[in-house]
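Let me begin by presenting the structure, written as C-alpha cells, before commenting on it.
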Amino acid sequence: MIKKIFFAISLVFAMLSFHSFANAADNCIKVVTHEWQGENNKADPAVQTAMDDTIRTFTTNEGLVRVDNGFTPQPLLATSWESNADATEWTFNLRKGVKFHDGSDLDAGDVVWSYKRLLDPAVNSNSFAILDPFLKDIVAVDDHTVKFIAKAPTVELPLQIKTKGSGIVPNGSTTAMLQVNPMGTGPYQLVNFKPGASKDTFVKHNDYWQAGLPKHDCMELIPILDTAARTASLLAGQVDLIPVLDPATAKSLKGNPMVNLDISSGGTVMTISMFADTAPFDDLRVRQAMKLVVDRQAVVDTALFGFGEAGNDNPIAPSMPYSYTKDLKAQDCDKAKSLIAEAGYADGLSIDLNTGEAFPGMVNVAEAYAEMAKCGNINVNIIKNPAEGYWDNIWMKQPLITSSWGGRPPFAAFSIAYMQDSKYPETHWANQAFDDLVTKASGTPDPVARDNLWKEAQQILSEDGGVIVPAFLSTVSAMRSNCSGYTAESNVVQFFAADFNCSDK
Amino acid sequence: MVYLPLILKRIFSALITLLIVSALIYGFLEMLPGDVATRMLGRTATPETLANLREQLGLNEPALKRYFLWLFNIFQGDFGTALTSKRPITEILAPKIFNTLILSGCAFILYLPLSFITALLQAYYKNKNIDISLSIITLIILSLPDFIIGTIMIIVFVVVFPIFPAISLVGEYSDFSEWFMALVMPSITLALVMSVYAVRMLRDNLIEVLDSEYIFMAKLKGLSKSTVLIKHALPNAIIPTLNITALNLGFLIGGVVIVEKIFTFPGFGNLLIDSIKFRDLPLVEATILIAASFYIFANLLTDILSIIFNPKLRKQ
C-alpha cells in the first residue's frame with residue numbers, strides 16, 4: 001500500500017518536472033495584459049479601445065512615427081518629413097523595402113487608405129474625434145511619398161497624426177477582414193486570432209525591416225486580470241513583461257533583484273476637474289482656493305507611492321522643456337481660507353467629489369485631496385463610484401470629478417479637453433485668450449516663439465482654469481531580470497515589442 | 001415510474017422560471033446606464049460615433065421589440081450572434097462551457113471524498129484531538145472568502161514553491177499535462193470552499209444519528225464501530241447533506257465565476273463577466289439561461305435523490 005502511494009507520488013512529480021522542462025524550452029516571449037475584453041477583442045487598429053487591443057495592434061501594425069517620452073516624433077514607417085512654409089501641408093517620405101506579413105510591399109496607397117478609414121465616421125474609430133478637427137485630406141504623391149493636408153497651420157502635425165488607431169493596414173482592408181486575418185508590418189504577426197480566445201499568439205515577421213529584429217521566434221499576449229496572480233507569475237518566471245504596473249505593486253517590486261523596473265518620466269495626467277460654469281466653481285476665488293490647498297509633492301508621495309511627478313494645474317509636466325515654470329505651486333491654507341470666506345462661504349465650503357477606480361490611483365488622489373482641503377475650510381465629501389461605467393455616467397456629467405489623461409504633447413493635451421471646441425470638455429471652461437494662444441502656437445513654426453506661446457497658455461490654464469493637476473503618474477513597466485529592451489511609455493496607449501528580448505530564451 | 005410526474009412538473013416550472021429570468025435580465029440590463037455601444041467605443045466615444053454604432057447594431061429599435069425578436073429566435077433554436085464580435089453564440093459558448101464543466105467536474109470529484117472522509121473522521125473521533133483540529137481548520141476555511149483562498153494558493157504554490165502556473169490558460173492546443181497543471185489550483189480552491197459547509201453539516205448529523213436508539217441496538221448486536229458508522233449512520237445522515245450538495249452545485253456556478261477570474265481560467269464565468277461588462281445582451285442572456293438551467297437541474301436531481309434515500313417520501 002505504502003509502495004503504491006510512493007509510486008503515485010513519484011509519477012505526479014515526474015509529470016510536473018517534465019512539464020517545467022517543456023516550459024523552459026519555450027522560446028516565446030510572454031507579455032501580460034491587465035485588461036482583456038473577450039468577445040470585444042480587436043485586431044483592427046482603427047477600432048481598438050482597451051490595453052489588450054493596444055498591445056495586440058501595436059505589435060502587429062506600425063505607424064508612420066513613434067512618439068518618445070519627450071514627445072518628439074521618431075521615424076518608424078516614415079523616414080523623414082517636412083512641411084510647406086505655413087505648415088498646412090506636410091510631406092512624409094516612407095521607408096522603402098517594408099513588407100507586410102503576407103509579403104506585399106508597403107506603399108503610399110496603404111498609408112492613404114489607413115488614414116482615410118480613420119476619417120470615415122462609418123468605421124467608428126476613436127481616432128476620428130482627434131484627427132477630424134485638423135486633418136482635411138491625405139494624398140499619395142508617389143509610391144513612397146504621402147502628403148497630409150491640414151485645415152489650418154499645424155506645426156505639430158507629425159505628433160498629432162499618431163493616434164492609438166493609426167497603425168498602417170494594407171490598402172483595401174476593412175474591420176471585418178482584419179478581425180479574421182490581422183495584417184501589418186510589425187515585428188510579430190498575429191496568428192489564429194479569435195476574439196474571446198484565452199490568449200493571443202504571434203510569430204516572428206521574417207521580413208521585418210529592422211535587421212536582426214525581433215530577437216525571438218514568437219510572442220504570447222496573456223491576460224492576467226488578478227493583481228496578485230500577475231505579480232506572482234512574473235516572480236515565478238512564467239511571464240516576461242508587464243507593460244503597465246499599478247503604483248502599489250511597483251513599490252512592492254522596487255529593489256527586487258528578480259525584476260527590472262523601467263519608470264517613465266512625466267506620465268499619466270491625474271486631474272481633479274470642476275465645471276467652471278457651475279456654482280460654486282464659477283467663482284474664480286473658489287477655483288483658486290481649491291488649487292491652493294494642494295501639497296503637490298505629498299500627493300505624489302502618498303497617493304502615487306512616489307511613482308510620479310508633481311503637477312502645476314495644467315497637463316504639461318514641469319520637467320518638460322516647454323513648461324511655464326519649473327517651480328511647484330506652494331500650498332497656502334490661509335490664503336485659501338480667506339478666498340473661501342470672500343466668496344461667501346464664511347462657515348466653510350462643502351462639496352461632493354465623484355471618483356472611482358476607473359483609472360488606478362484616482363481614488364487615492366481624491367482621498368489625499370479631501371484630507372488636504374480641510375486646511376482651507378473646504379469639506380470634500382468623496383463619492384466612490386464603480387469603475388464600470390465611470391466614463392459613461394460620471395465623467396463630464398458631474399461637476400466635480402477625478403479624471404486621467406495619457407501624457408500628450410502640448411497641442412493635443414490642451415485641445416482634447418480644455419478649449420471651447422474640445423470633444424471632451426471635462427471642465428466647461430471657456431477662455432478665449434487661452435484658445436487663441438493655443439491656435440496661434442499651433443501655427444507658429446519657430447520653436448522658441450512657439451514654446452513661449454505654450455508657456456503663456458499654460459499659465460492662464462493653471463491660474464484661471466477648472467482643472468487641478470496635482471500630479472503625473474509615471475508608467476512603470478516590469479521585466480524579468482534576464483529581460484531588457486522595453487521602454488515604459490509615458491503615453492500608455494502605445495507598445496513596442498521589437499527590441500524586447502530575454503537573454504535566457 | 002414514480003418520479004415521472006415530478007420530473008414533468010419540474011421541467012414545466014423550470015421553463016416558466018427560465019422565461020421569467022430571461023425577461024428580468026433583459027429588463028435589468030436595459031435599465032443599467034450605458035449600452036453595448038458606449039462599452040465598445042470606450043471613454044473616447046463621441047456622440048457621432050455612438051449614433052453610428054447604435055444604428056449598425058440595431059439598437060435604435062425599441063427594447064421590447066428587440067426582446068421579443070430574440071425570444072422568437074430562441075424558440076426556433078437560434079441563439080443569434082454576439083453584438084461585440086458578431087460570432088455565433090453557440091460557437092462562443094461551447095468551448096467555454098466545456099472548460100467550465102471540466103473544472104467543476106474536477107472540483108466535485110475532489111469535494112466528495114474531501115467532505116465525506118473529513119466528516120466521518122470527525123464523527124468517529126468525536127471530541128478527540130483529530131475532531132477538534134479538523135473543526136478548527138474547517139472553521140478557518142469557512143471564514144475565508146474564495147478569492148482569499150485562491151490568492152493564498154497563488155502565493156504558496158506560485159511564488160514560494162514555484163510548482164504551478166499562476167494562470168490556468170487552456171484551450172484546444174493544450175495537452176494533458178497542461179490541463180492537469182491548469183486545473184489543480186482552481187479545482188482545489190473550489191472543492192475546499194464547497195466542502196467546509198458539507199463537512200460541518202455531515203459531522204453534526206452523523207453524531208446526532210449515532211445517539212439514536214437503533215444505532216444503540218446495532219452496537220448491542222456487536223457490530224464494529226466503523227460498520228455502524230458507515231452502514232447504519234451514514235445513509236441516514238446523508239439526506240441533509242444532499243441538500244447542501246445541491247446548494248453547492250448552485251454555488252459552483254457562482255463560485256466558478258470568482259475562481260475563474262482569479263486564475264484567469266477561460267471558462268463560462270469569465271465569459272459571463274465580460275459579456276455583462278459589455279452589455280452584450282444576447283450573450284448575457286445565453287450565459288445566464290445556461291447557468292439557471294444548471295441550477296434548476298441540480299435541484300431536481302437532489303430532490304429525486306432524497307426521495308430515493310427516504311422511503312417515507314417514496315410512498316407519497
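Apply 1/(1 + (r/R0)^6) to the Cβ-Cβ distance of residue B:175 and residue B:212, taking R0 = 45 Å, and write down the FRET efficiency to the nearest 0.05. Present the calculation step by step, with values, prior to reporting the outcome.
Numbers: r = 52 Å, r/R0 = 1.16.
Calculated transfer efficiency: 0.30.
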Listing of the stretch B:23-51 residues, each with accessible area lower by at least 30 Å² in the full protein assembly than in the chain alone (probe 1.4 Å): B:33, B:39, B:40, B:41, B:43, B:44, B:46, B:48, B:49
Threshold 10 Å², the stretch A:171-199 residues less accessible with all protein chains present than alone (1.4 Å probe): A:194, A:195, A:196, A:198, A:199
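What is the sum of charges around residue B:115, taking Lys and Arg as +1, Asp and Glu as -1, for the other residues whose C-beta is under 11 Å from the C-beta of residue B:115?
Numbers: positive: B:200, B:203; negative: none.
Around residue B:115, the charge tally is +2.
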Dipole magnitude of the stretch A:268-473, debye to nearest 20 (Cβ charges: Lys/Arg +1, Asp/Glu -1, about Cα centre): 220
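Given a 1.4 Å probe and heavy atoms of the protein chains only, how would you sort B:238, B:20, largest accessible area at the top? Mind showing how you got there, number by number?
Details: B:238 25, B:20 95 Å².
Output order, biggest surface exposure first: B:20, B:238.
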With Cα atoms, 0 to 90° folded angle of helix B:234-262 axis to chain B main axis: 30
Segment residue A:379-residue A:298, length gained on full extension (0.36 nm per residue, minus Cα span): 27.3 nm
Probe 1.4 Å - accessible area at residue B:124, Å² to nearest ten: 70
Computed label-point distance, nm, for sites residue B:73 and residue B:91 using a 7 Å Cα→Cβ extension: 1.4
Cross-link partners of residue B:126 among lysines (Cα-Cα below 28 Å; sequence separation of 8 or more within a chain): B:219, B:221, B:225, B:231
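What number comes out for the charge environment of residue A:329, summing +1 per Lys or Arg and -1 per Asp or Glu over other residues with Cβ under 11 Å away?
Values: positive: A:291, A:296; negative: A:295, A:313, A:327, A:332, A:463.
Every neighbour counted, the sum reads -3.
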Distance between the stretch A:297-356 and the stretch A:463-505 - C-alpha centres, whole angstrom: 25
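Hand me the trypsin sites (Lys or Arg not before Pro) from the stretch A:246-353 located in a DSSP loop with no more than 11 other Cβ atoms within 10 Å, in residue order please. Each step should come with its number before you reach the end.
Details: sites: A:251, A:254, A:285, A:287, A:291, A:296, A:326, A:329, A:335, A:337; in loops: A:254, A:326, A:329.
Listed in order of number, the matching sites are A:326.
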Net length gained if the chain between residue A:326 and residue A:448 were fully extended (0.36 nm per residue, minus Cα distance): 42.2 nm
Cα extents of the stretch B:93-315 along the three principal axes, largest first (Å): 64, 48, 31
Between the stretch B:36-99 and the stretch B:252-296, the Cα center-to-center distance that results, in Å: 16
Leading residue at positive end of dipole, chain B (Cβ point charges), from B:218, B:239, B:176: B:218
Taking chain A and dividing mean pair separation by its residue count, relative contact order in percent (alpha carbons under 8 Å, at least six apart): 20
Counting all C-alpha pairs of the stretch A:137-215, share separated by more than 22 Å (%): 45
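Projected area of the protein assembly as shown, taken from the Cα convex hull and averaged over every viewing direction, in nm²?
Details: hull surface 167.2 nm².
The Cα convex hull of the protein assembly as shown, projected and averaged over all directions, gives 41.8 nm².
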Dipole-positive endmost among A:354, A:221, A:170 within the protein assembly as shown (Cβ charges, Cα centre): A:221
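In this model, which of A:254/A:326; A:251/A:397; A:116/A:164 are farther than 25 Å apart at the alpha-carbon?
Numbers: A:254/A:326 27 Å; A:251/A:397 34 Å; A:116/A:164 15 Å.
Distance filter (> 25 Å) returns A:254/A:326; A:251/A:397.
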If the convex hull is drawn through the Cα atoms of the stretch A:65-160, its volume per residue in Å³: 111
Accessible area of the protein assembly as shown belonging to carbon and sulfur atoms, whole % at 1.4 Å probe: 63
Zone of residue A:96's modelled label, taken as backbone nitrogen in the stretch A:139-156 under 19 Å from a point 7 Å along Cα→Cβ: A:140-147
Where the protein assembly as shown is the region considered: accessible area per residue in Å², 1.4 Å probe: 42
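Can you give me the relative contact order of chain B as a percent, contacts being Cα pairs under 8 Å and 6 or more apart? Provide the component values of the computation, followed by the final result.
Details: 300 pairs, mean separation 82.6, N = 316.
Here the relative contact order equals 26 percent.
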Dipole-positive endmost among B:296, B:256, B:148 within chain B (Cβ charges, Cα centre): B:296
Set of aspartates and glutamates with alpha-carbon distance to residue A:335 below 18 Å, sequence-local pairs under 8 removed: A:283, A:295, A:313, A:347, A:371, A:463, A:464
Cβ-placed point charges (K, R +1; D, E -1), dipole of the stretch B:1-108 about Cα centre in debye, nearest 20: 260
Residue A:440 paired with residue A:319, simple spin-label distance in nm, labels 7 Å along Cα-to-beta-carbon: 3.1
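About the Cα centre, and with charges only on the beta carbon of Lys, Arg (+1) and Asp, Glu (-1), how big is the dipole of chain B? Nearest 20 debye, please. Walk me through the numbers before you get to the answer.
Details: 24 positive and 21 negative charges, 210 e Å.
Computed charge dipole of chain B: roughly 1020 debye.
Given 0.36 nm per residue, what is the gain on full extension from residue A:504 to residue A:79 after removing their alpha carbon distance, in nm?
Numbers: separation 425, 0.36 × 425 = 153.00 nm, distance 3.32 nm.
This chain segment gains 149.7 nm when fully extended.
Chain pair A, B: how much accessible area is buried, both chains summed, with a 1.4 Å probe, in Å² to 100? Show your work: numbers first, answer last.
On the way: alone 20790 and 17770 Å², together 34640 Å².
By this definition, chains A and B bury close to 3900 Å².
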Mean-position separation - Cα centroids, the stretch A:159-205 and the stretch A:82-119, in angstrom: 17
Helix-derived mean residue ellipticity, 222 nm - over the protein assembly as shown, DSSP H n ≥ 4, -39500 (n - 2.57), to 500: -15000 deg cm²/dmol
Whole-Hz couplings from phi, Karplus 6.51/-1.76/1.60, listed for the stretch A:355-372; x for Gly and Pro: 9, x, 7, 5, 10, x, x, 5, 5, 4, 4, 4, 5, 4, 5, 4, 5, 5
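The values are calculated or read from the model by the stated rules, or taken from the named source; none is laboratory data. Nothing here was measured: the structure is a model prediction, and the numbers come from that model. Note that we place each Cβ from the backbone using ideal geometry, even for glycine, and neighbour counts take in every protein chain shown. Only protein heavy atoms, including side chains, enter the accessible area calculation; ligands, DNA and RNA are left aside. Shrake-Rupley method; radii C 1.70, N 1.55, O 1.52, S 1.80 Å.
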